[in-house]
Amino acid sequence: MFSFVQEMEGLQFIEALRLLAERAGVKLEHSARAEMQTSQKNRVLDILSFAARWYHQGFLKSPRAAAARAYIEQRGVSAELAEKFMIGFVPDEWDLLTRALLRRGCGIEDCIASGLTIAGKQGSGYDRFRGRVMFPISNVHGNVVGLTGRLLEEKEDAGGKYVNTPETIAYSKGAVLYGLHLGKQAIRERKYSIVVEGQMDLIACHKAGTDNVVASSGTAFTQEQLRLLKRYANELRLAFDMDTAGVNAAIRSVELAFAMGFDVKVITLPEGAGKDPDDCVQKDPDVWRRAVGEAQPFMLFLVDRAVAQAGSGGIRDLVVALAPALAMIAVMPSAIERGYWTHVIAERTGIREDDARAEVARVQARQSLSIKGRGQGEGATATAPIVPDAREQRMERLLALIVRYPQPLLAQIALPVLPADSPWLAVHQALVVYYEHTKPSSSQEGYQVIRTTLGDERAQQLLDRLQLLAETFDFRERDAIQEAHILSLAL
């Protein structure tokens, strides 16, 4: 049963356990501190769920929401889609929602903790969202964890055009993707995710029947968001504004996606088809669907863009224009992919393939120095993804086995082969210490605890890489130990 739910919903074991326990009415036991935190989180989730429904009913029924309904209709959103996405509205009043929550018996502290109420004087509070069209943000399980509000009428003192719930006990912007709970099954079936920038773009995609879509609320991805998408498919198709600023903003996220093994493509809208997916769908849904089907590899997009930018300039112009593409190749974990795209660059630019390969190696060396020098001077905070060579790949696989099969014996196998300057050493030491003193019920439980003990962000990123790889293993325990011995001998 647990395996079935994990497979169908794309969950870790502990997440499937919580989901099934909730449905079966089984109470999971926690420590006193965890129980207190969970209790407040549940109250906050209840407040957010009530608020989303309250906003939605206001949108549907309130005479004061007439302008909001007209705006949504003018954007081509049907009543069915407004219902599906629980689009809401709140009038421009200071504490309308807060008073409704207090009448319902909610404490002012929990209202503030939800991010919907801003603390006032002497235990009072007022609404964060006023005079806005509301879009609930749900986690992968469909629980409302935050909201986005769009101004209907822009005023000088009304704040930004879009306002989001702040980071709360229930909501972390970097760990949530808008629309994933509605699109995850379609993503699994079609084997790729369409990634757009905003809520209206995503709703338009559903209107056009391309419901395997998520919105990133900008072009920047976090590792946690990519890990969520990795559960359902290994391909991303980006529908961002690919002007110079958009490409530069997307490159860091795509580097991270490549390093995590994603295949990344770009959806390019034809000339005159619209500036974004929403615009394109309103003009012609068939053009949008065709653009999705014809998405080109991100690397090919970068190379062609570099050639166009260099134009008839000299070799220096070409080298500068190719820099983003070469840096992208350098972070790819597969030597075959690196070789293929190096060949493509040589073929399309006339550069000798050996020279292109040498330039990629130079970029890799520079990234490696950047990682080693992190924290040792100005500009040393770069977080370029690791590009493992063959030896590092074997080491990574060995440590991933330790994560997947939490046995002290496996942890000891790796000890003699880790050099003192290895970036993996801190992760390995944390694994050894944890497994020697604890018997976790699952690898996921061990992963969560170990990640918390690793204070260094780089070490946490390394552990995340191991966890992703570990999820692909399906060895029997004795076979895992044998594999570990073979890997250690190869090192």
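General observations
- Amide H within-cut-off set for residue 194, under 5 Å, with H built and near neighbours excluded: 213, 214, 237
- Using the Karplus relation 6.51 cos²θ - 1.76 cosθ + 1.60 with θ = phi - 60°, the per-residue 3J(HN,Hα) values for the stretch 119-134 come to 4, x, 8, 6, x, 9, x, 9, 6, 6, 9, 9, x, 9, 7, 10 Hz, with x marking Gly and Pro.
- Apportionment of accessible area to carbon and sulfur, the stretch 136-276, percent (1.4 Å): 46
- Once the chain from residue 224 to residue 172 is taken as fully extended at 0.36 nm per residue, the excess over their C-alpha distance is 17.7 nm.
- Cross-linked pairs 191/265; 61/84; 191/283: Cα-Cα separations exceed 23 Å for 191/283.
- Assigned charges on the beta-carbon of Lys, Arg, Asp, Glu; the stretch 237-320 dipole about Cα centre (debye): 200
- The residues of the stretch 112-160 have, on average, 43 Å² of accessible surface per residue, using a 1.4 Å probe with all protein chains present.
- Sequence-ordered 3J(HN,Hα) estimates for the stretch 79-87 from the Karplus curve with 6.51, -1.76 and 1.60 and θ = phi - 60° stand at 4, 5, 5, 4, 6, 4, 9, 6, 4 Hz, glycine and proline given as x.
- With θ taken as phi - 60° and the Karplus curve 6.51 cos²θ - 1.76 cosθ + 1.60 applied, the whole-hertz 3J(HN,Hα) list for the stretch 314-321 is x, 4, 4, 4, 5, 4, 5, 5 Hz, x standing for glycine and proline.
- Sum of side-chain charges, residue 191 neighbourhood, beta-carbon under 13 Å (Lys, Arg +1; Asp, Glu -1): +4
- Each part gets one Cα centre, and for the stretch 288-356 versus the stretch 160-224 those centres are 28 Å apart.
- For the listed peptides 271-280, 228-237, a ranking on the average number of other beta carbons within 10 Å per residue, highest first, reads 228-237, 271-280.
- Distance between the pseudo-spin-label points of residue 80 and residue 352 (7 Å out from Cα toward the beta carbon): 6.2 nm.
The values are calculated or read from the model by the stated rules, or taken from the named source; none is laboratory data. Quick caveat: nothing in here was measured; it's all calculated off a predicted structure. Glycine gets a Cβ as well: all are built from the backbone with ideal geometry, and neighbour counts include every protein chain shown. For accessibility, only protein heavy atoms count, side chains too; no ligands or nucleic acids. Shrake-Rupley method; radii C 1.70, N 1.55, O 1.52, S 1.80 Å.
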